[in-house]
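Q: Mind looking over this structure? Questions follow.
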Amino acid sequence: MQSHNHLLTKSKKLIIFGLEDFADIAYEYFTYDSDYEVVAFTADSSYIKEPSKFNLPVIDFETIEKAYRPEDYYFFSAIVYSNLNKTRRDICHKAKQKGYKLASYISSRAFVWRNIQIGEHCFVFENNTIQPFVSIGDNTILWSGNHIGHHSKIGNHCFVTSHVVVSGWSVIEDYCFIGVNTTLANNTSIGSNSWVSHGTSLNGRIPANSLIKANSSAIAPLNEAVLFRTLAKASRARK
């Protein structure tokens, strides 16, 4: 795993694929909390509208190896969960075919126990708690503020959003999206290629290729007088 100190010597040079929000965020974290120096951005030529980003060059991905020799640079694909993370997977595959090494980032403000296993091309944001004996596969993103319980396993090409609780001995298989504020009870298993909407509580075995929706919160017009009369009546009833 990498060291975490923005004062470290920048010993590795990095190219970021992408021009949208995640690329902005990846640039900030790699620049100020890693030993990677971002030297350029890249994207498919049809998506490039400006020649630079953060005063760094934006280069066509189709020909990037002509400007930046693969043996000298690392590569990170700052693509979120489109096509259930398969787009990000495919870009990584193309970069490796060109000869680039894939970079990972683990925030210095994440709690990561000493014996976790984590694959290549992962991004772990701040305030994640990753407990002992956890295994995380390749090309998986953990946005901020998640709890990954002991002995759990997260597969390859997954995207775990924010404030997700994965309790002990749980399994999230490959190509899954886990929405904000989702809770997995102990020993929960989510099959591959599944989408879990935000605010969902799960337990047991969820089959592959599942779409899991939480019940939406009811929305009604607010009548303050009625609301506070009801609250006051409930308060008196409890006394």
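The values are calculated or read from the model by the stated rules, or taken from the named source; none is laboratory data. Keep in mind the model is a prediction, meaning the values are calculated, not measured. Positions of Cβ are backbone-derived with ideal geometry, glycine not excepted, and every protein chain shown enters the neighbour counts.
So that you can scan it fast, the table gives a plain yes or no per residue for (1) in contact with a Gly (Cβ under 6 Å, 6 or more places away or on another chain); (2) surrounded by 15 or more Cβ atoms within 10 Å (Cβ to Cβ); (3) farther than 22 Å from S144 by Cβ; (4) modelled with pLDDT under 95:
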position: N5; (1), (2), (3), (4): no, no, no, yes
position: I15; (1), (2), (3), (4): no, yes, yes, no
position: V39; (1), (2), (3), (4): no, yes, yes, no
position: E62; (1), (2), (3), (4): no, no, yes, no
position: Y74; (1), (2), (3), (4): no, yes, yes, no
position: A78; (1), (2), (3), (4): yes, yes, no, no
position: Y81; (1), (2), (3), (4): no, yes, no, no
position: K96; (1), (2), (3), (4): no, yes, yes, no
position: K101; (1), (2), (3), (4): no, yes, yes, no
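Q: For the stretch 63-71, state whether one or more residues are assigned to a helix (DSSP H, G or I) and either touching a residue at least 60 places away in the same chain (Cβ under 8 Å) or of a type in the set (A, V, I, L, M) (or both).
A: Checked against the condition, which is being assigned to a helix (DSSP H, G or I) and either touching a residue at least 60 places away in the same chain (Cβ under 8 Å) or of a type in the set (A, V, I, L, M) (or both), the stretch 63-71 yields at least one hit.
Q: Of all residues in the stretch 177-227, count the ones that are outside any loop (DSSP other than H, G, I, E, B), touching a Gly at 6+ places or on another chain (Cβ under 7 Å) and in contact (Cβ under 8 Å) with a residue 24 or more places away in the chain.
A: Number satisfying all stated conditions: 0.
Q: Quick one: would you say S34 is of a type outside the set (K, R), assigned to a helix (DSSP H, G or I) and either in the same structural domain as T129 (by TED's automatic domain parsing) or farther than 27 Å from S192 by Cβ (or both)?
A: no
Q: How about the stretch 94-108: which of its residues are more than 18 Å from the chain's Cα centre (by Cα) and of a type outside the set (A, V, I, L, M, F, W, C)?
A: Hits for the stretch 94-108 are K94, K96, Q97, K98, G99, Y100, K101.
Residues are listed down the side, and each one gets a yes or a no for (1) more than 18 Å from R89 (Cβ to Cβ); (2) out of contact with any helix residue (DSSP H, G or I) (no Cβ under 6 Å at 6 or more places or on another chain); (3) surrounded by 13 or more Cβ atoms within 10 Å (Cβ to Cβ):
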site	(1), (2), (3)
K153	yes, yes, yes
V160	no, yes, yes
V166	yes, yes, yes
I172	no, yes, yes
C176	no, yes, yes
H198	yes, yes, yes
P207	yes, yes, no
A214	yes, yes, yes
A220	yes, yes, no
